[in-house]
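Shown next, in structure tokens, is the structure this report addresses.
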Amino acid sequence: MSDKTFYVTTPIYYVNARPHIGHAYTTIVADVLARRHRLLGDDTFFLTGTDEHGQKIERSAAAAGIPPQQFADQVSKSFEDLWKRMGITNNDYIRTTSEKHKRGVQKLFSTLYERGFIYLASYTGSYCVSDEAFVDAPVGTPCPDCGRILEEVTEENFFFKLSEFQQPIIELIESGKLSITPESRRNEVLSFVRGGLKDLSISRSSFTWGIPVPEPAANLAAQKHVIYVWLDALANYMTALGYGSDDEALFQKFWPADLHLVGKEIIRFHCVYWPAFLLAAGLPLPKAVTAHGWLLFEDSKMSKSKGNIVRTETILDAFGDEVYGKQFPESAKHERDLFASDVLRYFLLREIPFGQDGSFSFDALITRYNADLANGYGNLVSRTLKLVETGLDGTFSDVHNMGFVVGIGATVDESVTAGRYSWTLGVDPGTGGPDPLWDASPSLEQAVDFYLESRSFSQAIELIAQAIKQVDGFLSESEPWKIAKDREAIARGRLNAVLYTAAESIRIITALLYPILPFATAKVWAQLGLGDIEVAARGGELKNLEWGGLKPGTQLGPLGPIFPRADKGLAQIMSDMENPTPVDTNPTDPAAAPPTTAPDAAPRTTTLDPVPVLPVGGSTALTTGPSDIVSHTHAKASGIFANESPAPVTTENGELTSPQITIDDFAKVELRVAQILVAERIPKADKLLRLEVDLGPDFPKRQILSGIAEWYEPDELIGRRIVVITNLAPRKMRGLESHGMLLAASHGENGKPVLATFGEDIALGSRLK
Ligand code: MSP
């Protein structure tokens, strides 16, 4: 192990919304960097977590009808669960509602107060609840950052003397002591700071969901104050290491952070406020902040409020089931997830030049997967190792370098001399100037290393992809499958040389790909007969990649497919999972209403068939089953009332409402009281419950599948009296028949289905009319 430490952080994610692939992107980048530093031997600490206080969360919890802590627990768990599913290697998971964090934040506040940087004053101004930021623009106008309407806040607040830090921050950035990349973001921060810094309000008293301002400062104020959520949140980077606790060993070891990885929209908080707080507290500053761009979907930033979200779960589920299902049985579902996670990692890092915005599309994901992973790396590994197994009994007799596979284990110069060098080194993404590698004659390993170090993931991967093509080309030219047919000793020697050259190239390529594709490379490593790649990473075998690391006599491990091809239709499957359209066009099925995306829909499901859940209780929205997507438009709410005009109508006071219906229309829907007898989960369908309901002596019992598994435990449903739409045509989902539909209201921002039930005793089978 080197004597270096490396501490990398992601922003802590707000718990007002469940994770989407934008969040996964940041976490993936941090994981790649952490894995890389671990393999370099650096003592590495990788932190992620959730940001759980503030007005935004308080409001979201109120809208969901649950206490903020319970709300935060649920959403925080969905982030943590996702990172586990994806095999993310964070060393800690910080939650800002943890006691450890609260103590640390109060200590930081007290330190700032004791050092004279906090005072009490009255504030009236504009506040953007979505960004949790005070904004210098008139109340009632759109927030200059996110466009939401600014609210007026008049409060007695504690202020932080930010204005005193203008010059120190400029000096820090200009001297490079605080590195901000890319360059464009550095300039943006500098011009913001040069524009002048006003003192910053760092407490709020109009709501309570936060960490209380500690004494003695608290005694100055007439009311109770909670600490401003950004001061609370930023401190996570230190509190996770024990700052302010009885055990500050990790803090001593890892602080200051080597790198805060952030999205470009929160650069100001990290590069202005955070350094100012730390300077004021007399604490060391982070060494670097780097900002990545946004993931766009359908041309705009993926976000909860726009409803253009893609869930990581969709990709894990779809790739897991459809592509890796055969390879890994149901019992090895976690392996499927990890392979699918590799696919997403590769795609995001290859496709989006780091620092820039990038569009996401399912088609592009499949195309890239098939081209680079299935036909590229996966195919190269399979065809080489199969030949080693059949032609050489699974082992090499000698070390060779045929010298054809250039750029690997050779320098660029040698490669060029050999006339085979084909990688293009272009413009340095960090500076926009000529690539510093251009004249440096690096080997492939050095070039990849350089690009990873400068976070130019896309360039690093492109180089590796070209190397893969070169090895492929070498194999095609050398035609080892023909040599293998010749049993002569000379031919066997040549076969050994050709295949060793390819396999050793694969070893080096695999080591280089490890931080990006940790799970697929683990499988390849084992197939090469090299054992556990994690052990190799820890043992330093993935760095200093000398030619000849694959020793003669090493026996290949068991072979098997790495990246089976994905059918083009998978893009449609994923798209349907995100925006399910009913498979059943039966006009009497309310699920036939076209779904639209909820701002904060629950994670999408593996189930492609929408399960109808019809809301009651004031909501006119239709939810479409397992994905629990609340329709925010009433357009074509045509399911039940198929003959009516599907268009929404506007009432006199301007509200959108459903088209009017006659009593006869309503009479077409048969609603009856039922009791749940059996409720159980359905394997492979995370959102679906299988229910058996009793409709009283006049009707047979029936089975209904309902997309409420995420919200209700089976046990709590048994015995409940509910309302069922009984004359809905039966339909099949996951091979099971569903006959009827439960009535539920769609509640809160998450569209939680709340089952309609009765306050009085009521006979089973009674009709509602
Ligand atoms: N809670 C604050 C951060 C506090 S850090 C002390 C916050 N949370 S957030 O959940 O809104 O966003 C956190 C991060 O998620 C962003 O900075 C960014 O890294 C990532 N992303 C969220 N949406 C994204 C995209 N559409 N695209 C790429 N990254 C995105 O801000």
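What are the pairs with Cβ atoms under 6 angstrom where one residue, in the stretch 294-315, is surrounded by 19 or more Cβ atoms within 10 Å (Cβ to Cβ) and the other, located anywhere, is at pLDDT below 80 and hydrophobic (A, V, I, L, M, F, W, C)? Sequence gap at least six, or different chains.
Filtered contacts from the stretch 294-315: L295/M302; N308/M302; I309/M302.
Among the listed residues F79, F6, F45, which satisfies the condition of being within 26 Å of A133 (Cβ to Cβ), buried (at least 20 other Cβ atoms within 10 Å of the Cβ) and out of contact with any Cys (no Cβ under 6 Å at 6 or more places or on another chain)? Give the steps one after another, and end with the answer.
Values: F6 fails: within 26 Å of A133 (Cβ to Cβ); F45 fails: within 26 Å of A133 (Cβ to Cβ).
The conditions single out F79.
Report yes if L259 is within 12 Å of the ligand (Cβ to nearest atom) and either surrounded by fewer than 19 Cβ atoms within 10 Å (Cβ to Cβ) or not basic (K, R) (or both), otherwise no. Lay out the reasoning, then the answer.
Numbers: within 12 Å of the ligand (Cβ to nearest atom): no; either surrounded by fewer than 19 Cβ atoms within 10 Å (Cβ to Cβ) or not basic (K, R) (or both): yes.
So L259 does not fit the description; no.
List pairs: first in the stretch 371-392 and small (G, A, S), second crowded, with 19+ Cβ neighbours inside 10 Å and assigned to a helix (DSSP H, G or I), Cβ under 6 Å, 6+ apart or cross-chain?
Matching pairs, first to second residue: G376/I468; G391/L495.
Condition first: in contact (Cβ under 8 Å) with a residue 24 or more places away in the chain and farther than 30 Å from T27 by Cβ. Can you find one or more residues in the stretch 98-110 that meet it?
yes
Listed here are the residues, each with its yes/no results for (1) part of a loop (DSSP other than H, G, I, E, B); (2) within 11 Å of the ligand (Cβ to nearest atom).
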residue	(1), (2)
Y273	no, yes
A276	no, no
A280	no, no
L283	yes, no
A291	no, yes
V310	yes, yes
E313	no, no
D317	no, no
L338	no, no
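For the condition crowded, with 20+ Cβ neighbours inside 10 Å and not in a helix (DSSP H, G or I), what is the one hit in L512, L530, L495?
On the way: L512 fails: not in a helix (DSSP H, G or I); L495 fails: not in a helix (DSSP H, G or I).
The match here is L530.
V105 fails exactly one of the following numbered conditions: (1) under 29 Å from the mean Cα position of the chain (by Cα); (2) at pLDDT below 95. What is the number of that condition?
With respect to (1) under 29 Å from the mean Cα position of the chain (by Cα); (2) at pLDDT below 95, V105 is out only on (2).
Would a scan of the stretch 705-718 turn up a residue that is among the β-branched types (V, I, T) and over 21 Å from E760 (Cβ atoms)?
Here is the first cut: in the stretch 705-718, the ones among the β-branched types (V, I, T) are 708, 718.
Filter once more, keeping what is over 21 Å from E760 (Cβ atoms): 708.
Looking for residues that are among the β-branched types (V, I, T) and over 21 Å from E760 (Cβ atoms), one finds at least one in the stretch 705-718, hence yes.
Return yes when P753 is exposed (fewer than 15 other Cβ atoms within 10 Å of the Cβ) and either touching a residue at least 40 places away in the same chain (Cβ under 8 Å) or closer than 28 Å to A63 by Cβ (or both) and no when it is not. Let's see the steps before the verdict.
Values: exposed (fewer than 15 other Cβ atoms within 10 Å of the Cβ): no; either touching a residue at least 40 places away in the same chain (Cβ under 8 Å) or closer than 28 Å to A63 by Cβ (or both): yes.
Spelling it out, it is not the case that P753 is exposed (fewer than 15 other Cβ atoms within 10 Å of the Cβ) and either touching a residue at least 40 places away in the same chain (Cβ under 8 Å) or closer than 28 Å to A63 by Cβ (or both).
For L545, state whether it is of a type in the set (A, V, I, L, M, F, W, C), modelled with pLDDT under 95 and buried (at least 18 other Cβ atoms within 10 Å of the Cβ).
Details: of a type in the set (A, V, I, L, M, F, W, C): yes; modelled with pLDDT under 95: yes; buried (at least 18 other Cβ atoms within 10 Å of the Cβ): yes.
Against the criterion (of a type in the set (A, V, I, L, M, F, W, C), modelled with pLDDT under 95 and buried (at least 18 other Cβ atoms within 10 Å of the Cβ)), L545 qualifies.
Residues of the stretch 163-187 being in a loop (DSSP other than H, G, I, E, B) and touching a Leu at 6+ places or on another chain (Cβ under 8 Å), which ones?
Our first condition is that a residue be in a loop (DSSP other than H, G, I, E, B); within the stretch 163-187, this holds for 175-178, 182.
Within the stretch 163-187, K177, L178 qualify.
The values are calculated or read from the model by the stated rules, or taken from the named source; none is laboratory data. Please read all numbers here as calculations on a predicted model, not as lab measurements. Virtual Cβ from ideal backbone geometry, glycine too; neighbours counted across all protein chains shown.
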